[in-house]
Amino acid sequence: MTHQDLTDARIPVTVSLEELQNGTVSLSTLEEAFGPNSLGLILVSGLPEKYSTLRHRLLSLSSFLANLPEEELRKLECLEAKWLVGWSCGKETLKDGQYDTLKGSYYANPVQSFIGTRKAQQMYPDLPEYNSSNVWPEQDVLPNFREVFLEMCSLIINVAALVARACDRYALENVPGYKPGYLERIVKESVSTKARLLHYFPPTANNTSVDSASEPATVEDDWCATHVDHGCLTGLTSAMFADESVPLPSMSNSLASPPYVGELDQSPDPKAGLYIRSRSGEVTRVDIPRDCLAFQTGEALEVITKGKFKAVPHFVRGIAPGCGGRVARNTLAVFTQPNLWEMIDENRDFATFAKEIIERNH
């Protein structure tokens, strides 16, 4: 992929939260968002008032988390879960067998119930990636992290359920044998949903793709290689860009929340950010407004809908060297996924499907 392949940013289809709540999103709008010629992504506007505060708080905490001392980050690692619980950096392979060291991730299951989680553990004891308990930072290390993380995820899942309800209406009309309410039920009830708080590290001489002439190399997906999510609907916040050449605010010794990290008005590199390969093969940069959530489709939903909704290939392009300071990128993704025992086709439950993906990437 070369620079010439990248197009200007494109705003996806946008619907309001009120439209989703009222069930007034038309099937033609859903076709435009998720159909064969779409980006496979929809924006939701008109979110609850608290969303903006939660977003800024949690994405600020992502910088604090990623900059903790190594000994604290090691306490958050979960080897038995193949680093798909807690802190992970440099453990995942996404491209040509290379380990992904350009970002750090914090994984947690935001929806756990005694009955559902116990059932998953009993039926699939060999899947600690989905069954392990969450590993939270200590309160005196990262105050209020758990509370903010769970509150934000709960808000996103509630909105995802409304998007799922709209998708169910579309699928009933277009997918033979589709079960009414399937996707909404998955989003509301599954204990396999997983959230990933991401911190893309600022570019350095050691982690950027630069050729001998000091020009950006032809590899554009340097911050996160091209991939598809393997769940149903992925909820995404807009990214926060933060200049980490400015020291992080100090945390007091009290249990008050850490201060906010200053957010840049925009990325210093207009080519950096999230890119999607559309159904037609066009590579397009997508801007998610700060006051909106985005939802895109994953592999499990592609299988469930017999290909009517395609998984979205996407990648993240880093900031080019020399573009304004040491700029990091923080974001949150919430992957709504079926329970491990749910059948996604005639032969595979989600546990079998997930194992295939994990073995491919870890």
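Could you rank I11, I157 by how accessible they are, 1.4 Å probe, largest area first?
If we order I11, I157 from most to least accessible, we get I11, I157.
Sort D126, D287, D345, D140 by heavy-atom solvent-accessible area, probe 1.4 angstrom, most to least.
Reading off the accessible areas and sorting them downward yields D140, D126, D287, D345.
I'd like the accessible area for V163, computed on protein heavy atoms only with a 1.4 Å probe and all protein chains in place. Round to 10 Å², please.
0
Given the peptides 348-354, 168-174, arrange them by the average over their residues of other C-beta atoms within 10 Å, most packed first. Mind dumping the intermediate values first?
Details: 348-354: 20.1, 168-174: 18.1.
Per-residue Cβ counts within 10 Å, averaged per peptide and sorted highest first, yield 348-354, 168-174.
From largest accessible area down, sort R146, R290; use a 1.4 Å probe on the protein chains.
If we order R146, R290 from most to least accessible, we get R146, R290.
Would you please give the FRET efficiency between E173 and Q266, computed as 1/(1 + (r/R0)^6) with r the Cβ-Cβ distance and R0 = 45 Å, to the nearest 0.05? Walk me through the numbers before you get to the answer.
Numbers: r = 40 Å, r/R0 = 0.88.
The value I calculate is 0.70.
Just read off the accessible area of E189 with the full protein assembly in place, 1.4 Å probe, to the nearest 10 Å².
Answer for E189: close to 110 Å² accessible.
Can you work out ³J(HN,Hα) from phi for every residue in segment 37-44, in order, using Karplus 6.51 cos²θ - 1.76 cosθ + 1.60 and θ = phi - 60°, giving whole Hz and x for Gly and Pro?
10, 9, 7, x, 8, 10, 9, 10
Give me, ordered by chain and number, the residues 5 or more places off S16 or on other chains with an amide H under 5 Å from its own placed amide H.
HN-HN under 5 Å from S16: S45.
Determine, for each peptide in 293-300, 69-76, 52-59, the mean count of other beta carbons within 10 angstrom over its residues, then list the peptides with the highest first.
The peptides rank, most packed first, as 293-300, 52-59, 69-76.
If ligands, DNA and RNA are left out, what is the accessible area of K310 with a 1.4 Å probe, given in Å² to the nearest 10?
About 90 Å², rounded to the nearest 10.
Could you name the lysines whose alpha carbon sits less than 29 Å from that of K355, not counting residues in the same chain fewer than 8 places away?
Of all the lysines, those that pass the test against K355 - Cα under 29 Å, at least 8 places apart if same chain - are K75, K82, K91, K95, K103, K119, K179, K188, K194, K306, K308, K310.
Please report, as a whole percent, how much of the solvent-accessible surface of segment 320-359 comes from carbon and sulfur atoms (probe radius 1.4 Å).
The value for segment 320-359 is 47 percent carbon and sulfur by accessible area.
The values are calculated or read from the model by the stated rules, or taken from the named source; none is laboratory data. These figures come from a predicted structure and were not determined experimentally. No Cβ is skipped: glycine too gets one built from the backbone with ideal geometry, and neighbour counts run over all protein chains shown. Protein only, heavy atoms only, side chains kept; ligands, DNA and RNA dropped before computing areas. Shrake-Rupley method; radii C 1.70, N 1.55, O 1.52, S 1.80 Å.
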